[in-house]
Amino acid sequence: MASKTVVVGVCGGIAVYKALDVISRLKKKDINIHVIMTKSAIEFVTPLSFQALSQNMVISDMFEEPRAWEIQHISLAKKADLMLIVPSTANIIGKVANGIADDMLSTTIMATKAPVVFAPAMNTNMYQNPIVQDNIKKLKNFNYEFISPSSGRLACGDTGEGKLADTEYISEIVLSMLYDKKDLCDKEVLVTAGPTVSYIDPVRYITNRSSGKMGYAIAEEARDRGAKVTLISGPCSLKKPHGINLINVNTNEEMYNKVLEYYDKSDIVVKSAAVADYKPQNYCEKKIKKSEDDLKITFVRDYDILKTLGERKKNQILVGFAAESNDLIENARTKINKKNLDYIVANDITLEDTGFASDNNLVTILSRDGEVYNLDKMSKREIARELFNLLNKKR
């Protein structure tokens, strides 16, 4: 992603110190940061901390001697690809909602044409005050964005809504808004991820080693490119990604039903889940007790979700995955034809430093018309980016 500039407005409140973590996270993604602090914010954390993390001088006073020959609030307003107000107080929300520009931060917000995102943090009674809520509603109608606070114990001792949203969550939203490719804005993307389980009895089941990382990376890439994304996920330990319709399932049948529910309205479908092909013929309602005899379980075929989608395919772009331990390309070509796919992503599961549970992968993408794209070893998010680059090139 090309270097972007975020102007961070810091308002007075106990959550000021959390803004430092947001800035740190954005800097690690090579985002250029400029900070504007209100005078009340300086009472909580000194500008030096923000200067050290942002690597730019902090601005707080509209009338201080300028360090360059420019009108600073206009200059920063033009530099910004996005403005983030964190923490946002009732005061700054009320000012902007009513057109008041009487300090450096409020004048810069008024002067920018970049997207402005407010991350409120305040006492729960203050946040729920009808005047504050009306101001928030008014700003939303003017296309200002809000990252809603979470609920919890507040600094004042009260418990309720008003706690600053998680800093990782805030930074993820900012990075998503800044993403340099927005070529899926009119598309609905359906992604499956993770393993499924086949139950044997109330305490036992069989599954596989899929971590879900590849599918989640694909869903996040589609989201950041502007798509409306539904992610149907088997059981895994990954965090719920923001801005994505996440549907949790366990079994093959549950995933089958949910996929068919969303399939017809989807433009792109990426089936990266590792779905169980077999299930026990008979489920035991009670826990199977240990005995002196060997345990024998008969397995039967379960739904072939990908084949069903290929048979019902109309205008969708359908992408499958092939995790193979041998004859990678030959098996992938067989699958792409048998399942009526447009593309298949094939990877060798025997490699030690890629695949299951790894953040990286080494894949080959095959198209229905015979083209083969060999990708270098890269992160799963980078593979997702390359996949959508290819899909968009062929549309």
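Observations on the model:
- When we screen 320, 310 for residues that are small (Gly, Ala, Ser), assigned to a helix (DSSP H, G or I) and in the same structural domain as residue 233 (by TED's automatic domain parsing), the only hit is 310.
- Scanning the range 23-47 for residues that are of a type in the set (Asp, Glu) and within 16 Å of residue 80 (Cα to Cα) turns up just one, 30.
- Residue in the range 147-169 that is farthest from residue 5 (Cα to Cα), counting only those that are free of Cβ contacts under 8 Å to residues at least 40 places away in the same chain and outside any loop (DSSP other than H, G, I, E, B): 159
- Residue identified as at pLDDT 95 or above, in the same structural domain as residue 324 (by TED's automatic domain parsing), over 25 Å from the mean Cα position of the chain (by Cα) and not acidic (Asp, Glu) among 374, 340: 340
- Test: residue in the range 239-246 that is outside any loop (DSSP other than H, G, I, E, B) and more than 14 Å from residue 359 (Cβ to Cβ): yes
- Count of the range 338-358 residues, restricted to those that are surrounded by 14 or more Cβ atoms within 10 Å (Cβ to Cβ) and under 21 Å from residue 209 (Cβ atoms), is 11.
- Hey, residue 302 in contact with a helix residue (DSSP H, G or I) (Cβ under 8 Å, 6 or more places away or on another chain), more than 24 Å from residue 391 (Cα to Cα) and in contact (Cβ under 8 Å) with a residue 24 or more places away in the chain or not: yes
- Selection within the range 249-295 - in a strand (DSSP E or B) and either closer than 25 Å to residue 317 by Cβ or not assigned by TED's automatic domain parsing to the domain that holds residue 306 (or both): 268, 269, 270, 271, 274
- Selection within the range 198-214 - among the charged types (D, E, K, R) and part of a loop (DSSP other than H, G, I, E, B): 209
- Single residue of the range 198-218 satisfying the filter (touching a Pro at 6+ places or on another chain (Cβ under 7 Å) and not hydrophobic (A, V, I, L, M, F, W, C)) that is nearest to residue 380 (Cα to Cα): 216
- The range 25-57: number of residues that are hydroxyl-bearing (Ser, Thr, Tyr) and within 24 Å of residue 102 (Cα to Cα): 3
- Enumeration of residues in the range 236-268 that are touching a helix residue (DSSP H, G or I) at 6+ places or on another chain (Cβ under 9 Å), closer than 26 Å to residue 206 by Cβ and β-branched (Val, Ile, Thr): 247, 249, 259
- Put simply, of 216, 199, 205 the only residue that is aromatic (Phe, Trp, Tyr) and in contact (Cβ under 8 Å) with a residue 40 or more places away in the chain is 199.
- Meets criteria (crowded, with 16+ Cβ neighbours inside 10 Å, in a loop (DSSP other than H, G, I, E, B) and either in the same structural domain as residue 255 (by TED's automatic domain parsing) or out of contact with any Cys (no Cβ under 8 Å at 6 or more places or on another chain) (or both)) for residue 364: no
- Within the range 121-145, if we keep just the residues that are in contact (Cβ under 8 Å) with a residue 40 or more places away in the chain and not in a helix (DSSP H, G or I), the residue that is surrounded by the most Cβ atoms within 10 Å (Cβ to Cβ) turns out to be 122.
- You will find that of 195, 149, 120, 115, the residue that is under 27 Å from the mean Cα position of the chain (by Cα) and closer than 30 Å to residue 300 by Cα is 195 and no other.
- Count of residues meeting criterion [among the aliphatic types (A, V, I, L, M), in contact (Cβ under 8 Å) with a residue 60 or more places away in the chain and closer than 20 Å to residue 222 by Cβ] in the range 310-368: 3
- The set of residues in the range 147-172 being farther than 20 Å from residue 136 by Cβ, small (Gly, Ala, Ser) and surrounded by fewer than 15 Cβ atoms within 10 Å (Cβ to Cβ) consists of 155, 157.
The values are calculated or read from the model by the stated rules, or taken from the named source; none is laboratory data. These figures come from a predicted structure and were not determined experimentally. In this analysis, Cβ positions are derived from the backbone assuming ideal geometry, glycine residues included, and neighbour counts consider all displayed protein chains.
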